[in-house]
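Bear in mind these aren't lab numbers, they're just calculated from the coordinates by the rules spelled out. The shown structure was predicted, so the numbers you read here are calculated from the model rather than taken from an experiment. Please note: Cβ atoms are built from the backbone with ideal geometry, for glycine as well, and neighbour counts cover all protein chains shown.
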Amino acid sequence: MEETDRLRLMKCRDQIVQDVNSKFLLKVLEADGVLDANAVNVINAEKSDSDKTAKLLAILPSRGPKAFSCFCQALAEDYDWIVADLETVEVDSLTALKTLLMKGGVPHQPSCHITRNKELKQLRDQLSCLEAGDFLVLHGMTGSGKSVLASEAVRDTEVTLRHFPDGVFWFRVGMLDKDKLFGRMKILCEKLDSSRIPSSVDHAQDILRDLFVGPKAPYSRSLLILDDVWSADVVKAFNVGGRVLVTTQDLRTVDVVPRRFVIEVEAGFAEAESLELFSRYVGVKPEYLPDEAKAIHAECKGSPMVVSMIGGLIAENGRSRSSGRWAYYLNNLRSRKYSKFRKQRSYQHGGVMEAVMLSIENLDGRLKEKYQQLGVFLDDVGIPNKVNLVR
Ligand SMILES: Nc1ncnc2c1ncn2[C@@H]1O[C@H](COP(=O)(O)OP(=O)(O)OP(=O)(O)O)[C@@H](O)[C@H]1O
Ligand SMILES: [Mg+2]
């Protein structure tokens, strides 16, 4: 069901629950194939009529593209005034977009943000013409801004509500072994359709295919975003016929899909973009920034990650127009690149490691100690609440 229709149902929910007896509706919706016997049983297990209607409204949004129109048709028999309300209730498209992205777990923009118009236009254009089974790939080096671009591209009512009205599902992948991959697929299946629990990767693929592909599939007009993919196994596992956006540093991971379209993300900002980002962090117009700001841009080749980290460090320290702090970070970037951190990797990555080290060093003693204690956790492991680090 489209997000805007779901919002319409939510807006009229109280009136529907109060006035509508769902007995007749259930028969029609079952005959139309919108509800299956299992769903009807779940609804009928509720005690009162209003609880049954409330349950129907809760289930309906996950019952495919026809669910809203079939519901309105069935309702029109006895409750035409409610149908009129449903059709005329104002739904603000920005609210619809926000809830759709929130439900899909799409991350927010960074607090200080630069719009990369060229890449964004290219990405939005390509997203708008993706077909079922297509993979769109954002490729670039670490910290180049792929994930930020992907989340910004879908933060657009025209692109998302028009082309992906059933949802945009963000899936942070990272480095996964086969067990973890299955665990993640299971989580996605549960999130989309709690009634079927997969028992293997193949089974999970079958479930996802049913959810994403075909005229009755509840998410046929949705987008799956696989963020930070490192292995072709992940791409294979999610190659189930839906539309997919991938971010990756390694193009070989998508060799396994026939219909793939690649967008290269520049490793760094242009100088004007770096200065604009510094300016937003420190609240000083670009033309009043000290010369060291340009030198930092040149040193890290405009790496968005490094520029944003150093912008954040300078903003935290205050006195952002005095060139002392800027010179300090510039010297650190320079000296590290040619000494302690003089590794091929670090050089290629435009000072990302150096900026990360600077951020860690900037922590006060107590927080730095807590940060080091986190080293006992493996990559990607959820840290339990019991580990109360902030005290
Ligand atoms: N357009 C932007 N405006 C402001 N900051 C940005 C922008 N793009 C990236 N950044 C900064 O750079 C950081 C790294 O960006 P992002 O996570 O998108 O990189 P990536 O290419 O996905 O890296 P990786 O390959 O390691 O996943 C962000 O956390 C943010 O601080
Ligand atoms: Mg990323």
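When LEU363, LEU136 are arranged by Cβ crowding within 10 Å, least crowded first, meaning fewest neighbours, the order is LEU363, LEU136. Within segment 3-91, the ratio Rg/Rh, alpha carbon atoms throughout and Rh by Kirkwood, equals 0.92.
Checked against a 21 Å cut-off, the cross-linked pairs LYS103/LYS236; LYS55/LYS103; LYS98/LYS285; LYS23/LYS66 give Cα-Cα distances beyond that limit for LYS103/LYS236; LYS98/LYS285. At R0 = 56 Å, how high is the FRET efficiency between ASP179 and GLU287 if r is their beta carbon distance? Nearest 0.05 is fine. So the FRET efficiency works out to roughly 0.55. Computed from backbone phi, the HN-Hα couplings of segment 209-216 come to 4, 4, 7, 9, 10, x, x, 9 Hz, rounded to whole numbers (Karplus: 6.51 cos²θ - 1.76 cosθ + 1.60, θ = phi - 60°; Gly and Pro given as x).
Taken over the Cα atoms of segment 109-263, the convex hull encloses 111 Å³ per residue. The modelled label-to-label distance between ALA232 and VAL89, using points 7 Å beyond Cα along the C-beta direction, is 5.0 nm.
Cβ crowding within 10 Å ranks TYR329, TYR288, TYR281 as TYR288, TYR281, TYR329, fewest other Cβ atoms first. Taking segment 7-59 as the region of interest, what is the percent of Cα-Cα pairs per 10 angstrom bin, listed from the shortest bin to the one with the maximum distance? In order of increasing distance, the bins hold 27, 56, 17 percent. When the square roots of the Cα gyration tensor eigenvalues are ordered a ≥ b ≥ c, the ratio a/c for segment 153-225 is 1.5 or more and a/b does not exceed b/c, which makes its shape oblate.
Can you run the Rg to Rh ratio on segment 208-315? Use alpha carbon positions and the Kirkwood inverse-distance Rh. Radius of gyration over Kirkwood radius for segment 208-315 works out to 1.19.
For LEU223, the residues whose amide H sits under 5 Å from its own are GLY167, VAL168, PHE169, ignoring neighbours fewer than 5 places away on the same chain, with H placed 1.01 Å from N.
The GLN15 and ILE383 beta-carbon pair, evaluated with R₀ = 56 Å, returns a calculated FRET efficiency of approximately 0.80.
Taking a straight line from the alpha carbon of LYS370, these aspartates and glutamates sit under 19 Å away, with near neighbours fewer than eight places off in the same chain left out: GLU361, ASP379, ASP380. Sorting PHE212, PHE261 by the number of Cβ atoms found within 10 Å of their own Cβ, with the fewest placed first, yields PHE261, PHE212. Under 5 Å from the amide H of GLY242 lie the amide H atoms of GLY133, each residue being 5 or more positions distant or on a separate chain, with H modelled from the backbone and absent for Pro and chain starts. Estimated purely from DSSP H runs of n ≥ 4, each contributing -39500 (n - 2.57), the mean residue ellipticity at 222 nm for the chain is -15500 deg cm²/dmol once divided by its residues.
What FRET efficiency do you get for LYS191 and VAL28 if R0 is 41 Å and r is their Cβ-Cβ distance, rounded to the nearest 0.05? After rounding, the FRET efficiency stands at 0.90. Measuring between their Cα centroids, segment 3-74 and segment 194-210 lie 25 Å from each other. Here segment 9-167 is treated as an ellipsoid with the same Cα gyration tensor; its semi-axes, largest first and in whole Å, are 39, 16, 15. Between the amide H of PHE261 and those of PHE135, LEU136, VAL137, distances stay under 5 Å, these residues lying 5 or more places away or on another chain, with hydrogens modeled in the peptide plane.
Summarised as an ellipsoid, the chain has semi-axes of 47, 23, 21 Å, derived from the eigenvalues of the Cα gyration tensor scaled by 5 and square-rooted, with the largest first.
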